[in-house]
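Read through the structure below, which is laid out as structure tokens, and then see the notes.
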Amino acid sequence: GLGKVREETWVDSDRCRIDRVRQNALFTMGARRPLADRFVKIRQTNLTGRGRSAFVSYGSESGLVDYLTLREDVFIRERSRPTSPLRYGTGGRADFDASQDVITFREFPQVYQGNDTVTGDIIRVHRDTDVVEVEHSNAFTDGETAKKQ
């Protein structure tokens with residue numbers, strides 16, 4: 001699984017190149033697919049994601065993915081806990097650090113939660129606490145959420 005909680009991580013792709021010495025794998029899609037269908041997809045119980053390729057590092061702890069990177073046209077949808085709001089993230093790259101249970105979005109990242117949007121240079125989503133850290137932030141809200149608080 002990916003993250004501190006042991007759960008299955010599924011990767012759907014056309015190709016996978018595994019380097020057993022370095023314990024990593026590169027997932028890609030076939031070049032003959034239409035561009036709209038050329039996405040590697042990952043899924044877990046509370047998370048789905050896609051990108052043009054996925055790189056996985058594994059093996060430091062039995063049964064866990066150490067690190068996963070989605071690249072190009074990344075879209076991630078997640079709900080970290082049943083009580084957590086649904087969250088979406090986009091960007092050119094998303095790195096999943098399993099030991100910290102953090103997703104780091106880069107390359108024009110945006111994270112959407114409810115009616116709020118956050119953009120910045122780098123956005124880190126702490127999946128276990130729902131904390132979102134942003135470097136060089138631009139935050140947007142519809143104003144309604146703030147009125148209710």
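What follows is calculated from the coordinates using simple rules that are stated; it is not laboratory data. Everything numeric in this text was worked out from a predicted model, so none of it was measured. When we count neighbours, we look across all protein chains shown, and the Cβ atoms used for this are built from the backbone with ideal geometry, even at glycine.
Numbers for the structure displayed
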read-out	value
Most to least packed among 37-46, 14-23 [average Cβ atoms within 10 Å]	37-46, 14-23
Relative packing of peptides 115-125, 89-99, 26-36 - highest average C-beta neighbours within 10 Å first	89-99, 115-125, 26-36
Sites Arg20 and Ser99, calculated FRET efficiency, Cβ-Cβ separation with R0 30 Å, nearest 0.05	0.90
